[in-house]
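This report refers to the structure that appears directly beneath it.
Only the coordinates and a few stated rules stand behind these numbers; no lab work does. These figures come from a predicted structure and were not determined experimentally. When we count neighbours, we look across all protein chains shown, and the Cβ atoms used for this are built from the backbone with ideal geometry, even at glycine.
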Amino acid sequence: MKIQEADAKTLLLAQGLPVPPWEVARTVADTRAAADRFFAAGNEMVVIKAQVLVGGRGKAGGVKLARSAAEAEAVAGAILGMSIKGITVRKVLVAPAADIVREFYLSAVLDRSARRILLMASAEGGVEIEQVAVDHPEAIVTLHADPALGLMDWQARALAFRLGLGAHLRQAVGIAKGVVRTMLANDADLVEINPLAIVRERAADGSTVERLAALDAKVTIDDSALARHPELEAMRDLDEEDPTDLEARAAGISFIKLDGTIGCMVNGAGLAMTTMDLVKRAGGEPANFLDIGGGARADKVAAATRLILADPNVRAILVNIFGGITRGDEVARGLIEARSVQERSVPMVVRIVGTNAEEAQRLLRAANFQTAVSLDEAARKAVAAAGSAGAAA
Ligand code: GDP
Ligand code: MN
């Protein structure tokens, strides 16, 4: 699960990282009011940033500075409603603008092959790390953190020195260790701070001081670990959630949309993968991966049918059910029910074996469904049906 910058910053703050204050606003008026509060607190400039779950907002014009309330209003008017990589901006983050001296990159990812957290850092921050990896791979410092011990002080110190952050050693060590703690505490897949910046601030006596601050934050949570973090559920951004993904989750169905024309409804992840392979072998392209799970009942079958038909590319549906806990007749009833209410007529080829398969066959034949006995036959029939449906369309 991806979360917005503001939520990612909340998780970093909880681990003690230096994050400048911020407010989130959904309207121009609220943005202006938030900016006003930062000006009243003595800041000369604010930064206004689009909150969308994609990177490169700065380049796309979604990060802008403002020196007055009027300017903040104008900037908010331009950013709210704009589209960044196809996503409409519905909210912005407002924060005091930092006086940046230098930008660094710092991230932690799960290195599955090493079974460790991998820290990556670079003194070439701000720009996209992928570009740094291509142009100056030597500028990226990497090291592994122990999953049980976290990042050790000596490792964090070595990292800081290699980045040239010796003058900010204590803060850099705290930040690197905090990033690893953020990974562990939230079961995150990714924690990224880009830029981690040396910023110039005015002290109370008028002198200037330099310190590190996390100016941007990106955190992705491992979906499979979300059950352990009910507190993170509130960070799910429904604004950016695909409606199909929402319905699939609500129905308890694993669904991944693909680009083909054959909708697949299968029980069991392994059988779903096999079904997709056989569709390909028969010359078709699967439109989705769909596992309705064990013991699926009629209402789940109806939900799965809706999910598949929501994709306008679907020309035929292949249903492949191995009845174990799942009862074949229950699935057949679900299919008949679903077809009676579906808005679009799409040919359906059904293969049901196992528990109550005979009863399922009888029901499906009576309702004029195309059925198949073997999986190969079902795949061939579905591909043929999609071909003729495509030609007719
Ligand atoms: P991204 O483009 O989506 O990664 O958004 P960022 O938050 O990283 O902002 C992009 C760039 O805008 C940063 O690399 C900075 O150069 C600049 N920027 C962001 N925040 C500030 C700020 O507070 N002050 C100044 N001067 N520049 C900022
Ligand atoms: Mn960034």
When only C-alpha pairs under 8 Å and at least 6 residues apart count, what is the relative contact order of the range 339-393, in percent? 40
Hey, what did the range 243-392 get for relative contact order, percent, Cα under 8 Å, at least 6 apart? 25
Order by neighbour count: S83, S345, S68, fewest other Cβ atoms within 10 Å first, most last. S345, S83, S68
Tell me, which longest segment in the chain has none of the GluC sites (Glu not before Pro) that fall in DSSP loops with at most 12 further Cβ atoms within 10 Å? 45-342
Apply the Karplus curve 6.51 cos²θ - 1.76 cosθ + 1.60, θ = phi - 60°, to the phi angles in the range 95-107 and return the couplings in whole Hz, x for Gly and Pro. 8, x, 6, 7, 8, 7, 8, 7, 10, 10, 10, 9, 8
Which of M348, M273, M1 has the fewest other C-beta atoms within 10 Å, and how do the rest follow up to the most? M273, M1, M348
Out of the trypsin sites (Lys or Arg not before Pro) in the range 206-291, which ones are loop residues according to DSSP with at most 12 other C-beta atoms within 10 Å? none
Please arrange D311, D259 by counting, for each residue, the other beta carbons lying within 10 Å of its beta carbon, fewest first. D259, D311
In this model, which of K2/K64; K64/K257; K91/K257 are farther than 32 Å apart at the alpha-carbon? K64/K257
Any trypsin sites (Lys or Arg not before Pro) in the range 286-393 that lie in a DSSP loop and have at most 10 other Cβ atoms within 10 Å would be R344
Loop-located trypsin sites (Lys or Arg not before Pro) in the range 33-131 whose Cβ has at most 10 other Cβ within 10 Å (DSSP): R112, R115
